[in-house]
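Note sheet for the following structure.
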Amino acid sequence: MAYFTYKENDLYCEDVPLREIVEEFGTPLYVYSKNQILDNCRAVHAAFGETNHLICYALKANSNIQILKLLVQEGAGADVVSKGELFLALKAGFPPEKITYTGVGKRDDEIEYSIKKSIASLNIESEEELRIVSEIAQRLNREVSISIRVNPNIDPETHPYISTGLKVNKFGIDHERVLAAYRLAKELPNLRIVGIHAHIGSQITSIEPFVQCATTLASFARDLKAAGVELTHIDIGGGVGVDYHRALVHDLLPVESTTSPVPPTASEVVKAVLAVLKPTGCTIMFEPGRAIVADAGMLLTKVLYTKQSGKKKFVIVDAGINDLIRPSLYNAYHQIVPLQLRGGGTETVDVVGPVCETGDFFALDRALPTVVRGDFLGIATAGAYGFSETSNYNGRLRPAEILVNGERCRVIRERETLDDLI
């Protein structure tokens with residue numbers, strides 16, 4: 001989180017004190033660094049060098065349309081997983097020829113919508129879907145560009161809920177049936193084969209699974225070429241992990257021991273897979289989401305109460321699992337820091353929200369600088385899968401989103417009001 005730094009014990013986003021932002025816009029509140037997003041995107045582009053490539057940003061990580069417009073300006077494409085995300089991508093200005101659509105359960109109306117928009121690739125996840133897409137394309141009298149998503153049975157060594165490339169996962173066509181699926185695609189009318197695709201999981205913290213996946217896809221590309229199927233692109237998917245444990249460092253912050261590995265950067269992953277994929281001569285598609293926006297965002301929240309219960313101390317804040325569900329859903333770690341450091345020592349606490357669930361927590365038994373009612377905290381590395389997974393559970397309102405650019409900040413999504421619940 002290079003653009004979130006302490007200056008004289010006050011936490012800033014770029015050149016704006018976060019304390020000033022919460023005083024103006026309230027909490028809970030998502031704050032993003034524009035320049036961190038741009039730096040992340042440009043670093044991935046640079047890693048490809050002169051190789052033909054397309055970065056298809058994964059909208060599911062964060063689909064705020066103002067953030068999407070930034071990425072359009074950087075020349076990125078989009079990876080979408082629903083009709084709604086495709087609508088947002090087009091509204092933001094992504095050219096249809098730079099949009100891929102993946103999803104194991106596409107409705108007929110979603111398939112029809114994507115065909116009419118002439119996107120770069122509809123990524124197919126089953127033989128039955130191949131037939132359905134062909135039927136819909138015939139009815140529309142349109143040709144549709146398709147890729148087949150391979151399930152390569154590769155263990156990404158991540159949380160089981162975000163592993164997508166094992167045989168036991170619902171995604172893609174089993175690697176043992178892929179060549180037969182391409183033969184079927186060649187026979188079906190109105191289908192134009194353009195690529196091959198895989199996505200093996202999310203928050204992957206080592207390079208080896210990506211290299212294994214690239215090797216599998218390159219092998220299939222060679223076999224398909226020998227069988228008379230020329231691919232224009234290979235889509236390696238996304239899933240590059242980020243470092244949640246070492247986001248911010250300061251003398252007054254507790255040093256937490258962790259065995260969590262430092263993940264490779266997206267650029268390092270790109271360079272590793274290029275060595276495998278470049279000889280195929282295909283355009284390389286890459287679908288980063290978390291790697292672009294995670295460390296560009298922070299969720300700000302206010303301390304409502306502190307409470308002692310036996311040996312347990314609770315810090316109760318105004319954000320809840322409806323604002324950031326990752327800690328409860330995946331037992332995911334997010335560093336939590338005060339917006340102002342005072343040097344009053346540390347204590348071990350549970351940081352919890354107001355929602356009526358025991359699972360409504362952001363940290364358990366966490367060392368935290370001592371805070372009191374009215375203090376503000378920042379939940380770090382929350383730019384990905386934060387706002388995009390918010391809800392109105394317990395009748396709670398979704399937070400506002402702020403984009404900071406140097407000394408300026410602007411609202412890119414208004415806070416919901418009670419009328420929005422109706």
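Bear in mind that the values in this text are calculations on the coordinates, not laboratory data. On a predicted model such as this, the values are computed, not experimentally measured, just so you know. Cβ sites come from the backbone with ideal geometry, for glycine too, and all protein chains shown count toward neighbours.
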| trypsin sites (Lys or Arg not before Pro) restricted to DSSP loop in segment 338-418 with at most 16 other C-beta within 10 Å | Arg342, Arg373, Arg415
| Kyte-Doolittle mean at least 1.6 and Cα axial length at least 24 Å: DSSP H helices in the chain | none
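At a 10 Å Cβ-Cβ cut-off, how would you order Leu397, Leu217, Leu299, fewest neighbours first?
On the way: Leu397 16, Leu217 29, Leu299 26.
Placing the least packed residue first, the sequence is Leu397, Leu299, Leu217.
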| With a 10 Å Cβ neighbour count serving as the proxy for reagent exposure, in which order, fewest first, do Ser147, Ser257, Ser391 appear? | Ser257, Ser391, Ser147
| request: Determine one quarter of the surface area of the Cα convex hull of segment 34-289, which equals its mean projected area, and express it in nm² to one decimal. | output: 14.1
| note | As straight-line cross-link partners of Lys278, the qualifying aspartates and glutamates (C-alpha separation under 20 Å, not fewer than 8 residues apart within one chain) are Glu50, Glu208, Asp223, Glu230, Asp235, Glu268, Glu287
| Want the number for Ser309 to Ile132: 0.36 nm per residue separation, take away the alpha-carbon distance, what's left? | 57.9 nm
| task | Indicate, rounded to the nearest 5 percent, the antiparallel portion of the DSSP beta bridges found entirely in segment 34-289. | result | 5
| field | Contact order normalised by residue count of the chain, Cα under 8 Å, 6+ apart, percent | value | 20
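Pairs Lys83/Lys186; Lys7/Lys98; Lys98/Lys225; Lys117/Lys225: which are spaced more than 31 Å apart, C-alpha to C-alpha?
Listed pairs above 31 Å: Lys7/Lys98.
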| field | Fewest-first ranking of Lys278, Lys307, using other Cβ atoms within 10 Å as the exposure measure | value | Lys307, Lys278
| Simple spin-label model, 7 Å along Cα-to-Cβ: Arg410 to Ala180 in nm? | 5.5
| Dipole size in debye (nearest 20) for the chain around its Cα centre, Lys and Arg Cβ +1, Asp and Glu Cβ -1? | 380
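Roughly how compact is segment 58-141, stated as its Cα Rg over 2.2 N^0.38 Å to two decimals?
1.08
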| field | 222 nm mean residue ellipticity, helices alone, for the chain (DSSP H n ≥ 4; -39,500 (n - 2.57); rounded to 500) | value | -8000 deg cm²/dmol
